[in-house]
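Novice: Encoded as structure tokens, here's the structure I'll be asking about.
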Amino acid sequence: MTPRYPIEGVVSWNMNTTCNYRCSYCTQRFVDDRGQWARDLPRFLDAFRALPGDWEIKLSGGEPFRHPDFLDAVQALVEGGLRVSVVTNFSASEAELARFAELTRARPGLLSASLHREYADTDAFLAKAVWFAGIHAGPVCVTCVATRETLPELPGLKARFEAAGIAFKAQPEKQDRDVIAYTPAERDALLALGGHANTGRIDPDFEGRPCWAGARYFIVDHRGEAFRCYPARRYRTERLGNLLDGTFRLGRGAEPCRYTYCNCVVPQSRGMVDTRGGQ
């Protein structure tokens with residue numbers, strides 16, 4: 001069954017590789033240069049504004065708040081009529097976060113704050129999340145990677161954050177870009193937490209299922225290189241071209257997924273892919 005046409009498209013823009021953390025489980029820790037960022041912002045913004053229909057730009061990195069022109073980019077995207085969301089380690093100052101909330105107030109997106117316990121104090125992180133949820137017009141959630149050491153503590157953390165009104169989502173740990181070999185008991189524990197970002201799945205296989213990725217969802221990096229989805233970027237397949245050199249082309253409709261492991265939360269959570277029985 002082909003999912004219905006998504007009214008609002010989504011772009012995951014990995015706008016920089018820069019990050020102030022070096023988490024032991026980070027999938028980007030082996031990137032050769034962690035100091036790269038999107039430099040030609042006017043051309044990126046023109047490309048995003050030229051997309052057909054309504055779109056949300058989901059900013060990530062690296063750590064997007066470390067981009068030297070992050071808030072200027074947010075303002076320009078908002079002024080272009082685009083919804084703006086962000087995935088962040090939440091280490092930005094309260095002044096920067098407050099400015100983000102102010103800029104996005106008219107058409108707010110999601111702020112997804114990643115709790116990295118190797119760097120962040122949980123008490124302070126929770127207090128900051130509650131403060132930000134009070135000034136942000138859009139939804140706020142906290143995610144935490146389910147390492148083997150952290151997994152037993154996640155039910156307590158989830159209960160604590162959600163008692164404070166903050167949605168809490170677990171993420172499976174990945175090494176070499178694949179989910180680690182959790183034991184059956186660990187998988188059960190992770191599924192009890194909601195699976196990957198509350199999708200109810202850990203490492204789903206949607207191969208052959210129709211998906212709107214490539215037409216109403218895509219990934220673009222700091223150089224403008226665009227791919228249909230995260231697995232496509234991993235394998236360097238289904239490239240959509242480059243946003244900055246005139247070669248970018250969106251797909252026209254829902255096409256079969258080519259991958260036996262989908263780690264794209266957006267298509268799963270927003271009904272862009274047929275997920276029936278896909279665990």
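Read-outs throughout are calculated quantities, based only on the coordinates presented, and are distinct from any laboratory measurement. What you are looking at is a predicted structure, and each value in this text was computed from that prediction instead of being measured. All Cβ positions, glycine included, derive from the backbone under ideal geometry; neighbour counts span all protein chains shown.
Novice: How far, in nm, would the chain grow between Asp40 and Asp54 when pulled straight, counting 0.36 nm per residue and subtracting the alpha carbon separation?
Specialist: Value of the extension gain: 2.8 nm.
Novice: Charges only on Cβ, +1 for Lys and Arg, -1 for Asp and Glu: so what's the dipole of the stretch 1-154 about the Cα centre, in debye to the nearest 20? Please report the intermediate quantities before stating the final value.
Specialist: Numbers: 16 positive and 19 negative charges, 54 e Å.
It comes to approximately 260 debye.
Novice: Turning to a different aspect of this structure: With label points built 7 Å along Cα→Cβ from the Cα atoms of Ala106 and Asp69, find their separation and express it in nm.
Specialist: If labels sit at Ala106 and Asp69, their model points lie 2.1 nm apart.
Novice: Here's another thing I want to ask about it. With a cut-off of 12 Å, note down the residues of the stretch 234-276 whose backbone N falls inside the zone around a label point 7 Å from the Cα of Asp205 toward its beta carbon.
Specialist: Answer for this model: 259-262.
Novice: For the pair Ala164 and Arg252, what calculated FRET efficiency results from E = 1/(1 + (r/R0)^6), where r is the Cβ-Cβ distance and R0 = 25 Å, to the nearest 0.05?
Specialist: Numbers: r = 44 Å, r/R0 = 1.77.
So, using R0 = 25 Å, E works out to roughly 0.05.
Novice: Along the charge dipole of the chain, pointing to its positive end and built from +1/-1 on Cβ of Lys, Arg, Asp and Glu, which listed residue (Ala232, Val10, Pro256) has its Cα farthest out?
Specialist: Pro256
Novice: Nearest 5 is fine: what % of DSSP beta bridges in the chain come out antiparallel, could you say?
Specialist: 25 percent
Novice: What relative contact order, as a whole-number percentage, does the stretch 128-279 give when Cα pairs under 8 Å and 6 or more residues apart are counted? Could the numbers behind the result be given before it?
Specialist: Working: 240 pairs, mean separation 30.8, N = 152.
Relative contact order comes out at 20 percent.
Novice: In the chain, which whole DSSP H runs stretch at least 18 Å along their own axis (Cα) and average 1.0 or higher on the Kyte-Doolittle scale?
Specialist: Within the chain the helices that satisfy the rule are 122-135.
Novice: Quote to one decimal, in nm, the extra length available between Tyr21 and Glu79 on full extension: 0.36 nm per residue of separation minus the C-alpha distance between them.
Specialist: Stretched fully, the Tyr21-Glu79 segment lengthens by 17.8 nm.
Novice: Along Cα→Cβ, 7 Å out, is where each label goes; now give me the distance between the ones at Arg239 and Asp178 in nm to one decimal.
Specialist: Between Arg239 and Asp178, the simple spin-label model gives 2.5 nm.
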